[in-house]
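What follows is a single structure, written as C-alpha cells, with notes after it.
The values are calculated or read from the model by the stated rules, or taken from the named source; none is laboratory data. Just so it is clear, the structure is predicted and the values come from calculations on it, not from any experiment. Here the Cβ positions follow ideal geometry from the backbone for every residue, glycine too, while neighbour counts run over all protein chains shown. Side chains included, ligands, DNA and RNA excluded: accessible areas come from the protein's heavy atoms. Shrake-Rupley method; radii C 1.70, N 1.55, O 1.52, S 1.80 Å.
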Amino acid sequence: MTIAARADARHNRARVLEAAQEAFAAEGLSVPLDVIARRAGVGAGTVYRHFPSKEALFEAVVHDRIERLADELTALLATTEAETGAAFFTAFTSTVEQAGFNKALCESFVSTPKAEVAPQARRRYGIALAALLDQAHHAGAVRPDVQITDVMALMAGCVAMEANSATPGRATTLVLDGLRAGHSPLPTATKPVTKPGHRNETREEQPGPTARCEECGAAIPTSRTGRPARFCGGACRQKAHRRRATG
C-alpha cells in the first residue's frame with residue numbers, strides 16, 4: 001500500500017468514527033451501519049474494512065469517549081489539596097452529564113454485557129476515579145464508608161434516572177448529597193435471620209407441657225412426631241382396655 005493509500009485509509013477511518021460518534025450519541029446501538037456510512041460519505045464496504053461489525057464500531061466509539069473522560073479525571077487529580085473534594089464531585093457529575101447527552105456512552109454505563117465494552121479504557125477511567133475518591137476521603141469531603149464499587153453503581157443509577165427525568169440534575173444532586181461526609185453510617189452485612197413462620201430444622205424443639213398416663217398418672221416422654229401418647233406403656237393400655245370392656 002502506498003503512502004497516499006494509507007493516508008486515504010486513515011482519513012476514511014476517521015470519517016467513519018466521527019459519523020458513528022454522532023449517530024450512536026443520538027440513537028444508540030440501534031442505528032444501522034448503512035446510515036453511518038451515508039453520514040461518513042463512504043460505502044458500506046469501507047466501513048466493514050475498518051470495523052468488521054457494528055459492535056466493533058460501537059466499541060471503538062465508546063472506547064474513545066471513555067478515554068476522553070479518563071483524561072478529564074486524570075487532569076482533576078492535579079488539583080490543589082483544598083479542591084480535592086470538589087474534584088471528585090465534578091468527575092461524578094461530568095460523567096453522568098456526558099452519558100446523558102450520548103446514548104452510546106449511556107448504554108455502556110447502564111448495561112452490563114457479558115463481554116464488557118472497551119475494557120482498557122474503562123480500567124483507566126476506574127483507576128482515575130478511585131484515586132479521586134481516595135483524595136476526597138483524605139480531605140474529609142466524602143463519607144469514609146463509601147467504596148469505589150458504590151460510586152460506580154450509583155453513577156450507573158444516576159445515568160439511568162437522568163435519562164427519564166423531567167428535572168435534569170435532580171437525581172444526581174440527591175445522590176451526591178448522600179455521598180458527602182456527615183451522614184448516618186451505611187448498614188453492614190449481617191447473618192441471615194430466620195423469618196417468623198420459617199422453621200429452623202437445626203434448632204431443638206421447645207419442650208411442651210408434660211403428658212400424663214390416663215391409667216396410672218405417670219409422666220409420658222414427649223414425642224416429636226405422631227399423635228401424643230395416652231399411656232405410659234403396654235400394661236396400662238391393656239388395663240384401660242379391660243376396664244372399658246367390663247365397664
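For the pair residue 80 and residue 163 in one chain, pulling the backbone fully straight at 0.36 nm per residue adds 26.6 nm over the alpha carbon distance. Here the calculated FRET efficiency for residue 94 and residue 2, from their Cβ-Cβ distance with R0 = 35 Å, stands at 0.25, rounded to the nearest 0.05.
Per residue, region 57-181 exposes an accessible area of 51 Å² to a 1.4 Å probe, with every protein chain left in place.
For region 1-111, the Kirkwood hydrodynamic radius comes to 15.4 Å, computed from all pairs of different C-alpha atoms. The mean sequence separation of alpha-carbon pairs under 8 Å and at least six residues apart, normalised by the residue count of region 40-109, gives a relative contact order of 31 percent. Residues in region 39-54 near a label at residue 14, defined as backbone nitrogen under 20 Å from the 7 Å Cα→Cβ point? Label zone hits: 39-43, 46-51.
Here the accessible area is traced with a 1.4 Å probe on the protein chains. For region 21-61, carbon and sulfur cover 52 percent of it.
Sparsely packed loop sites in region 60-106 (the chymotrypsin sites (Phe, Trp or Tyr not before Pro) outside DSSP H, G, I, E and B with at most 14 other Cβ atoms within 10 Å) comprise 101.
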